[in-house]
Amino acid sequence: MKSEPPPPCPFEKLHPSELNRDAGYYMSHAFNESLKAWKANEVPIGAVIEFNGAIVARAYNQVESLNDPTAHAEILAITQATEIVGDWRLNGATLYVTKEPCPMCSGASIMARISKVVYAVPDPKMGCMAVPRRCRSYLA
Ligand SMILES: [Zn+2]
């Protein structure tokens, strides 16, 4: 664990309307997950997975608390979603994540056959969604 406590979180939890389940709705829930990461002194990244109009997984980055470099929000959400859906193939699912997925999570989204990935901000340093898109032609 990091030794310093996290700075106070300047952001408020969002309360999106249940009546309008658009990308903003799902991303608001991913954002709320990222606030949990902030409060746990983690890099604040959150993710949710939508399947058949419902959120089947929600997670936040827990690399420090689990002492696990693979405990990214996306990986934890994919694992949850496969348990809920009952299939490791998440065809038709959409992953919403607050930051562009890293190489590991981009690859995992392909391996899980997630149909669509939506991210709020690009990550010029570690973002990797463009590369897997190119890889898809090789994997098909
Ligand atoms: Zn990642």
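Coordinate-derived values only; no laboratory data. All values reported here derive from a predicted model rather than from experimental measurement.
Here are the numbers for this structure:
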read-out: Within the chain, helix-based [θ] at 222 nm, where runs of 4 or more DSSP H residues each add -39,500 (n - 2.57), nearest 500; value: -11500 deg cm²/dmol
read-out: Among LYS116, LYS36, LYS125, residue whose mean-square fluctuation peaks in a GNM of the chain (springs only between Cα atoms under 10 Å); value: LYS125
read-out: Amide proton proximity set for LYS99, modelled H, under 5 Å, gap of 5+; value: GLY46, ALA120, VAL121
